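Asker: I have a structure I would like to understand better, so I am pasting it below and will then ask my questions one at a time.
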Amino acid sequence: MPVWRLRDFHAEDLDQAIQLWDQSRGSAEPVFTVAEVMAAARASHPAVVAAVGDELVGMAVAQTQGERAWVLLVALGARWRHRGVGSALLADLERRLRSLGISRISAVLPEGAVGSEAFGNSGYVRRDGLIYYELLEPLGPDQTSLLTELGGRLLPGGLWQAMAGMDREKQIIERRIVLPLTHPEVAERYSVRPPKAVILFGPPGTGKTSFAKAVASRLGWPFVELFPSRLASSAAGGLAASLRETFAELTELDEVVLFIDEVEEIAGARTGSADSTAHGVTNELLKLIPAFREHDRRLLVCATNSVRSLDSAFLRPGRFDYIIPIVPPDAPARRAVWERYLGPVSDEVDLDQVVASSELFTPADIEFAARKGAQAAFEREVLHHQGRPASTEDYLAAIVDTRPTLTPDVLTEFEQDNELYTRL
C-alpha cells in the first residue's frame, strides 16, 4: 500500500475533495453540505488533506467560532478506511486549531458516518441524550427580502391538520388542489393539470382565509395576501398600477400562494353605471391572471362572501380552475370545532347540548363563544374565588350572548349560489 502524507488543502484540490465528500456520504444525509464544507476550506478555515502523490485519499475540515470549532468533515477514500488515516487527519486538525486558541472541538455526525471510528480512537467523548434541531430556510436572501416587502411569510407546518371539522371541504381541497401540486409527475402521467387559480366562496366566518393559509402550510410555499385597500394607496397610478407592480414582483418568487380576500372589491360585475376606475381595475386583474397562470408552483386563491357579485368574465373556467363553496358547519363539524376550542374541558361539557344550541354558528362564532365561556370561569376564580372549570352552563350562556353570523336569509342566498356557481 503506498504511503500517504498530510498537507494543507489547496484550491486545486477542490474537485477531488468533492469526490471524497461524495464517497463518504453513505446512506445518511450529512449535517453539513458540500457547499458549506468547501466554502470553509477555501476561506482559510483549518483544512488538511491526506494525499498519495497527486491523489487525495482523505480530508478533514473545521470551522472556528470564538473558542469553539466545529469539525465539518472527515472524509476518507473507500480503499483507505481503517488504516489510521482518519485519526491522523484529526490529530493534525486539532494541532492547527489549538494554535488558534481553540479550547473546545465539537462534531455532529449521522449515525455510523465515515469518520466515527476516528473520533472514537482520538479521545472524543460521545455525548448521548442530545437532540439535534435544524431549521431549514427554503428561500434565498433575495427572495426572503422580496417576501418581506410584499408582506408575505412562510407559515408554520401543521395548519392543515389543525383545521377542525369541515371534512367535506378538506377532502375536496386536498384532492383537487393539494394532491396535483404535490405529485406533479403523477398528475402529468394522467393528464391532470395542477390548478393555478381557485375561488373559495361562502358566508363570512366559515374559514375561507384559514383554508388558504392551510393550503400554503400544506404545500410549504410562501403565503402572500393582497389587501385591495392597501394597494389603492401604494402606487402613484392607483389600484390598477399597484396590481401590475405587485404581480410583476411575484414573478421573482419560485413558488407562492397568493391570497386575495373579498376579491369582489376589485373584480365586481361591470355595469353601464360603474365608474371608469372600477372598470379599469377589473380589466387589469382579468389581464394579470392569465399571465400568473403561466408559471408553475404558483397558486392564486381568491375568497368572496358574495360570488354572485363577481364579474362574469372573472368566473370563466379559463381563469379559475375551481369555484369551491365553503359551507357553514353542520353538527359534526361544529362538534369538532367546539372540541378544538374547549380543549381538556370538552370531556366535562355536554357537547350535544352545546352543538345543538349553536346551530347558526360559524367556526369564528364558536371560537368567540368558547373564549367567552372560559373568560366567565376565569373571572369567577379571580374575582369571587370560586375555582372550577368552565361548565356547560357557561358555554350555553356565551352562546346566547353571541350574535351568529349566519341567518336564514344568508343561508338561502348561499344555497342558491352553491347551485349556480360551484365548479368542482
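The values are calculated or read from the model by the stated rules, or taken from the named source; none is laboratory data. Here the structure is a predicted model, which is why all the values come from computation and not from measurement. Every residue, glycine among them, receives a Cβ derived from its backbone with ideal geometry; neighbour counts consider all protein chains shown. Please note that ligands, DNA and RNA were not included when accessible areas were found on the heavy atoms of the full protein model with its side chains. Shrake-Rupley method; radii C 1.70, N 1.55, O 1.52, S 1.80 Å.
Asker: Go through (1) modelled with pLDDT under 90; (2) closer than 18 Å to V48 by Cα; (3) hydroxyl-bearing (S, T, Y) for S106 and report which single condition fails.
Answerer: Here S106 meets the rest and fails (1).
Asker: Anything in the stretch 398-424 that is open to solvent by less than 50 Å² (accessible area, probe 1.4 Å) and free of Cβ contacts under 8 Å to residues at least 60 places away in the same chain? List them, or say none.
Answerer: Within the stretch 398-424, A398, I399, T402, P404 meet the criteria.
Asker: Also: Take V108 and decide whether it is touching a helix residue (DSSP H, G or I) at 6+ places or on another chain (Cβ under 9 Å) and not small (G, A, S).
Answerer: no
Asker: If a residue has to be open to solvent by less than 10 Å² (accessible area, probe 1.4 Å) and assigned to a strand (DSSP E or B) to count, how many in the stretch 321-355 make the cut?
Answerer: The total comes to 3.
Asker: Within the stretch 40-47, can one find any residue that is open to solvent by less than 60 Å² (accessible area, probe 1.4 Å), among the hydrophobic types (A, V, I, L, M, F, W, C) and part of a strand (DSSP E or B)?
Answerer: Checking the stretch 40-47: at least one residue is open to solvent by less than 60 Å² (accessible area, probe 1.4 Å), among the hydrophobic types (A, V, I, L, M, F, W, C) and part of a strand (DSSP E or B).
Asker: On to the next question. I'd like the full set of residues that are part of a loop (DSSP other than H, G, I, E, B), more than 36 Å from the chain's Cα centre (by Cα) and of a type outside the set (K, R), limited to the stretch 371-424.
Answerer: H385, Q386, G387, S391, D401
Asker: If you don't mind, another one. Just checking, how many residues over the stretch 143-156 are open to solvent by 70 Å² or more (accessible area, probe 1.4 Å) and assigned to a loop (DSSP other than H, G, I, E, B)?
Answerer: 1
Asker: On to the next question. List pairs: first in the stretch 55-79 and assigned to a loop (DSSP other than H, G, I, E, B), second hydroxyl-bearing (S, T, Y) and open to solvent by 10 Å² or more (accessible area, probe 1.4 Å), Cβ under 6 Å, 6+ apart or cross-chain?
Answerer: Partner pairs satisfying both residue conditions: E67/S103.
Asker: What is the one condition in (1) open to solvent by less than 10 Å² (accessible area, probe 1.4 Å); (2) in a loop (DSSP other than H, G, I, E, B); (3) touching a Pro at 6+ places or on another chain (Cβ under 8 Å) that A164 does not satisfy?
Answerer: So A164 meets the others, but not (1).
Asker: Can you spot a residue in the stretch 81-89 that is open to solvent by 10 Å² or more (accessible area, probe 1.4 Å), among the basic types (K, R), out of contact with any Gly (no Cβ under 9 Å at 6 or more places or on another chain) and not in a loop (DSSP other than H, G, I, E, B)?
Answerer: No, that holds for no residue.
Asker: Being at pLDDT 90 or above and either of a type in the set (S, T, Y) or in contact with a Ser or Thr (Cβ under 7 Å, 6 or more places away or on another chain) (or both) is the filter here, so list the residues in the stretch 47-67 that pass it.
Answerer: T64
Asker: Could you list all residues from the stretch 90-111 that are small (G, A, S) and open to solvent by 70 Å² or more (accessible area, probe 1.4 Å)?
Answerer: Those that are small (G, A, S) and open to solvent by 70 Å² or more (accessible area, probe 1.4 Å): S99, S103.
Asker: Taking the condition exposed (fewer than 12 other Cβ atoms within 10 Å of the Cβ) and either out of contact with any His (no Cβ under 9 Å at 6 or more places or on another chain) or not basic (K, R) (or both), does A35 pass?
Answerer: The answer is yes for A35.
Asker: May I ask you to list pairs of residues, at least six apart or on different chains, whose Cβ atoms are under 7 Å apart, with the first in the stretch 285-306 being in contact (Cβ under 8 Å) with a residue 12 or more places away in the chain and closer than 18 Å to E185 by Cα and the second being in a loop (DSSP other than H, G, I, E, B) and open to solvent by 50 Å² or more (accessible area, probe 1.4 Å)?
Answerer: H295/T251; R297/D254
Asker: Can you pull out the residues in the stretch 1-39 that are assigned to a helix (DSSP H, G or I), free of Cβ contacts under 8 Å to residues at least 40 places away in the same chain and under 19 Å from Q63 (Cβ atoms)?
Answerer: Across the stretch 1-39, the qualifying residues are A11, L14, I18, V34, A35, E36, V37, M38, A39.
Asker: I would also like to ask the following. Can you name the residue in the stretch 288-320 that is under 30 Å from V355 (Cα atoms) and open to solvent by 10 Å² or more (accessible area, probe 1.4 Å) and, of all such residues, is nearest to the chain's Cα centre (by Cα)?
Answerer: N305
Asker: I'm told L285 meets every condition in (1) in a helix (DSSP H, G or I); (2) under 19 Å from D401 (Cβ atoms); (3) open to solvent by less than 40 Å² (accessible area, probe 1.4 Å); (4) at pLDDT below 90 except one. Can you identify the failing condition by its number?
Answerer: Of (1) in a helix (DSSP H, G or I); (2) under 19 Å from D401 (Cβ atoms); (3) open to solvent by less than 40 Å² (accessible area, probe 1.4 Å); (4) at pLDDT below 90, only one is false for L285: (2).
Asker: Where in the stretch 176-255 are there helices (runs of 4 or more DSSP H), lying fully within it, with 1 or more residues that are surrounded by 20 or more Cβ atoms within 10 Å (Cβ to Cβ) and at pLDDT 90 or above?
Answerer: It comes to 179-182, 208-219.
Asker: Quick check on the stretch 82-104. Is at least one of its residues in contact (Cβ under 8 Å) with a residue 12 or more places away in the chain, of a type in the set (S, T, N, Q) and under 30 Å from V215 (Cα atoms)?
Answerer: no
Asker: Which of the residues belonging to the stretch 16-73 are charged (D, E, K, R) and within 20 Å of A118 (Cα to Cα)?
Answerer: D22, R25, E29, R68
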